[in-house]
Amino acid sequence: MFSAFSVHRRGLVRLATAALAPGLVAAGAIVAAAPAVADDVPQHQGGATATLTGLKIHGEAVVHGSGEEQEEQRVPAGLFEMSVDGGGTLQTYCIDIQNPTQKDARYQETPWSGTSLGGNPDAGRIRWILQNSYPQVNDLAELARKAGARGLSEQDAAAGTQVAIWRYSDDADVEAVDPDAEKLADYLQKSARNLAEPKASLTLDPPAVSGHPGERLGPVTVRTNAGRVSVTPPADSATSGVKAVDKNGKSVTTASDSTQLYFEVPEGAPDGSAELQLQASTTVPVGRAFASETRSQTQILAGSSESAVAATATADWATTGAIPAVSAEKNCAKSGVDITVSNEGDEAYTFELMGLEHTIPAGQSQTVTIPLQEDQAYDFTIKGLNGLDKRIKGVLDCQTESAGGGDTVQMVSTPSPASAGGTSGGTDLAETGSSSATPWIAGTAVALVVVGGAAVFLVRKKKTPTED
């Protein structure tokens, strides 16, 4: 067992925030009064969704302290495994070394722009490492030769690869414990070149559209690396008459990359909304990021079996008035959430967020960036059609611990590497930054005050040079 495991305050705040996130509201947000129905606006715009199953192949690494804190941390370093919803398995390495993973955390395929990779000029070097090391390269003898190592086991290769990634994802002073694994880390770090972000396995552009009955609403453009995508019409299409069609009005049941889909809404249909479900089976591209709203450390894809991927397109329609379509996406470059509202109605659409009023003229679209603090939970509601309001919620997680800075706290009784991955019976995974102190943190670090349905949120404190 490690004792007096030192992590930065960011980890403390993250865990405390995660425990209370469902009740948090971004400061200044004006939320519509008690809507009859709340429709969550997904920020996951398609791809794979998976559950973390554990740290499966790993060695060990030593993280060296910086500044006044010179403590060394000995941590597991290696490959995680995830189980994909609908079938499939993913192998990942972690980024954000000091942030803990949560047992059985749910992850979603996410653009780099929605993670710390979005503002990291070396993100492309991480992708190069993934493509040129284990498990993409499984000839370990050849990999050892390139690295100048005597030999590499799977554990050494996983540890060396993870260490090289941390040096670019977190700017961490970290070394592999095994000498050959360390040689691999050095080789990968020095050889890495910047590569472009890989494309999504499945995403939609845009994921939400609107218009009038009697029109084809869209287009929604499919972006995918799958050869074939199944398109499932709205659940009540037999009675509502709403269909998925192409630009010529022909019914569509399958799609591929660049296919344009439309919702065909019968003339005279009552005001309403509908969804199209898209599903495919494909290999998720190496280098795709995976993020979790449970504050479990961000992962980056190292390998994928044939896996299920999915996306949802939504449409709203009305006969007269404003007809908004709302989508949302994290924007780490601007430290906030981009809320895109298009209005295909015949009247301007006005909504209010963070004390500011925004008006979208008829026939136009606008993206509003809501600025947030790092680690801030948010919960916005935008008034929609027919009592179906649009709710946007989540937690902004755009920085690694190294980028965020801050002072330190002490955590004790961190699980040892021997228990890494845990068992189905129950203890938390033993990975970087994990701790059994979560109940203590949640109980003492944060007080949540709820007044009139709003909540006081927690913002991470950063140390300034003038602080002691």
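Can you tell me which of 184, 195, 202 is in contact with a Ser or Thr (Cβ under 6 Å, 6 or more places away or on another chain) and closer than 30 Å to residue 129 by Cβ?
202
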Exclusive hit being modelled with pLDDT of 90 or more and either of a type in the set (Gly, Ala, Ser) or surrounded by fewer than 19 Cβ atoms within 10 Å (Cβ to Cβ) (or both), set 78, 23, 11: 78
Complete set of residues in the range 234-269 that are over 23 Å from residue 319 (Cα atoms), in contact with a strand residue (DSSP E or B) (Cβ under 8 Å, 6 or more places away or on another chain) and assigned to a loop (DSSP other than H, G, I, E, B): 252, 253, 256, 257, 258, 259
Sole exception among (1) of a type in the set (Gly, Ala, Ser); (2) at pLDDT 95 or above; (3) in a loop (DSSP other than H, G, I, E, B); (4) within 25 Å of residue 105 (Cα to Cα) for residue 280, by number: (3)
Residue tally, condition modelled with pLDDT of 95 or more and surrounded by fewer than 18 Cβ atoms within 10 Å (Cβ to Cβ), over the range 61-70: 1
Of all residues making up the range 201-217, the number that are surrounded by fewer than 23 Cβ atoms within 10 Å (Cβ to Cβ) and within 26 Å of the chain's Cα centre (by Cα): 3
Top-ranked residue in the range 340-358 [being of a type outside the set (Ser, Thr, Tyr) and touching a residue at least 60 places away in the same chain (Cβ under 8 Å); ranked as nearest to residue 399 (Cα to Cα)]: 354
Residue 123 within 30 Å of residue 308 (Cβ to Cβ) and buried (at least 23 other Cβ atoms within 10 Å of the Cβ): yes
Residues located in the range 244-266, provided they are among the charged types (D, E, K, R), modelled with pLDDT of 95 or more and more than 26 Å from residue 117 (Cβ to Cβ): 246, 250, 264
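Which one is nearest to residue 58 (Cα to Cα), of the residues in the range 134-145 that are in contact (Cβ under 8 Å) with a residue 12 or more places away in the chain and either more than 24 Å from the chain's Cα centre (by Cα) or surrounded by fewer than 18 Cβ atoms within 10 Å (Cβ to Cβ) (or both)? If you could, list the steps in order and put the result at the bottom.
Step one: of the range 134-145, the residues in contact (Cβ under 8 Å) with a residue 12 or more places away in the chain are 134-136, 140, 143-144.
Narrowing further to those that are either more than 24 Å from the chain's Cα centre (by Cα) or surrounded by fewer than 18 Cβ atoms within 10 Å (Cβ to Cβ) (or both): 135-136, 140, 143-144.
Details: 135: 12, 136: 16, 140: 15, 143: 17, 144: 17 Å.
The selected residue is 135.
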Residues within the range 199-212 that are within 20 Å of residue 304 (Cβ to Cβ) and in a loop (DSSP other than H, G, I, E, B), tallied: 3
Residue that is surrounded by the most Cβ atoms within 10 Å (Cβ to Cβ) [pool: residues in the range 146-177 that are under 21 Å from residue 112 (Cβ atoms) and either among the acidic types (Asp, Glu) or free of Cβ contacts under 8 Å to residues at least 40 places away in the same chain (or both)]: 164
In the range 362-385, residue modelled with the highest pLDDT [restricted to those that are surrounded by 14 or more Cβ atoms within 10 Å (Cβ to Cβ) and over 27 Å from the mean Cα position of the chain (by Cα)]: 362
Residue list for the range 282-301, restricted to those being surrounded by 19 or more Cβ atoms within 10 Å (Cβ to Cβ) and polar (S, T, N, Q): 282, 292, 296, 297, 298, 299
Unique residue being assigned to a helix (DSSP H, G or I), of a type in the set (A, V, I, L, M, F, W, C) and out of contact with any Asp or Glu (no Cβ under 9 Å at 6 or more places or on another chain) when the list is 181, 196, 141, 185: 141
Conditions (1) surrounded by 22 or more Cβ atoms within 10 Å (Cβ to Cβ); (2) modelled with pLDDT of 90 or more; (3) assigned to a strand (DSSP E or B): number failed by residue 340: (1)
Tally, over the range 283-335, of residues that are under 22 Å from residue 135 (Cα atoms), part of a loop (DSSP other than H, G, I, E, B) and of a type in the set (Val, Ile, Thr): 3
Residue 180 being in contact with a helix residue (DSSP H, G or I) (Cβ under 8 Å, 6 or more places away or on another chain) and without any contact (Cβ under 8 Å) to a residue 40 or more places away in the chain: yes
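Any residue that is among the aromatic types (Phe, Trp, Tyr), over 25 Å from residue 244 (Cβ atoms) and either modelled with pLDDT under 90 or crowded, with 22+ Cβ neighbours inside 10 Å (or both) - is there at least one of those in the range 314-330?
no
The values are calculated or read from the model by the stated rules, or taken from the named source; none is laboratory data. Predicted model, so just to flag it, every value in this text is computed and none were measured. Note that each Cβ is placed from the backbone with ideal geometry, even for glycine, and that neighbours are counted across all protein chains shown.
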